[in-house]
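Read through the structure below, which is laid out as structure tokens, and then see the notes.
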Amino acid sequence: MPYTDLDLAQLAARAGRRLLDSRRSVATAESCTGGWIAKALTDIAGSSQWFDQGFVTYSNESKTVRLAVPAAVLRRHGAVSEAVARAMAVGALRHSGAHVALAVTGIAGPGGAMPGKPVGTVWLAWAERRGRSIRVAVQLKRFRGDR
């Protein structure tokens, strides 16, 4: 079942409340969503208290330049991969003042599919500062349809 705009607004508001309550901030690193997650978060009144910044890194070059995703990782795994989602999330933390980062890379379609990576393949990664270390979680989603 697809999410509605209202569902997404409610999720963004809930995330904002949790960030505010915990006195933490978030950064986003987006590819296939083109800044849509950052927009949903910054549509929330008061988001300047917990939203640090967003990176829209659609091209491989921008992922390397803006988020320090290693070019070798992009060549080896492709932009739509667990390794790249992980590197994007870590890069967003390292290149921002945020405590938490969310990264997304995927194939929005209608073109761009490749063997093993159909349209709707999306990798999500969350990274969190833990003292001097960074904890990362990654999840693969397969959505129906395109864009």
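The values are calculated or read from the model by the stated rules, or taken from the named source; none is laboratory data. If you're wondering where the values come from, they're calculated on a predicted model, not measured in any experiment. For neighbour counting, all protein chains shown are included, and Cβ atoms are generated from backbone atoms with ideal geometry for every residue, glycine included.
Do the conditions hold for Arg147, that is, is it free of Cβ contacts under 8 Å to residues at least 60 places away in the same chain, charged (D, E, K, R) and assigned to a loop (DSSP other than H, G, I, E, B)?
It is true that Arg147 is free of Cβ contacts under 8 Å to residues at least 60 places away in the same chain, charged (D, E, K, R) and assigned to a loop (DSSP other than H, G, I, E, B).
Return the pair list, or none, for Cβ contacts closer than 6 Å from residues in the range 4-16 that are within 20 Å of Val100 (Cβ to Cβ) and surrounded by 12 or more Cβ atoms within 10 Å (Cβ to Cβ) to residues that are at pLDDT 95 or above and of a type outside the set (Gly, Ala, Ser), at least 6 apart or on different chains.
Ala12/Leu41; Ala12/Ile44; Ala13/Ile44; Gly16/Ile44; Gly16/Trp50
Looking at the range 54-70, which of its residues are closer than 19 Å to His99 by Cβ and buried (at least 16 other Cβ atoms within 10 Å of the Cβ)?
Residues of the range 54-70 closer than 19 Å to His99 by Cβ: 54-55, 67-68.
If the condition is that a residue be closer than 19 Å to His99 by Cβ and buried (at least 16 other Cβ atoms within 10 Å of the Cβ), then Gly54, Phe55, Leu67 are the ones that fit.
Mind listing whichever residues of the range 113-142 are assigned to a loop (DSSP other than H, G, I, E, B) and crowded, with 16+ Cβ neighbours inside 10 Å? Give the steps one after another, and end with the answer.
Here is the first cut: in the range 113-142, the residues assigned to a loop (DSSP other than H, G, I, E, B) are 113, 115-116, 118-120, 131-132.
Passing the criteria: Val119, Gly120.
Considering (1) farther than 22 Å from Leu11 by Cβ; (2) touching a residue at least 12 places away in the same chain (Cβ under 8 Å), say which one Val122 fails and leave the rest.
Of the numbered conditions (1) farther than 22 Å from Leu11 by Cβ; (2) touching a residue at least 12 places away in the same chain (Cβ under 8 Å), the odd one out for Val122 is (1).
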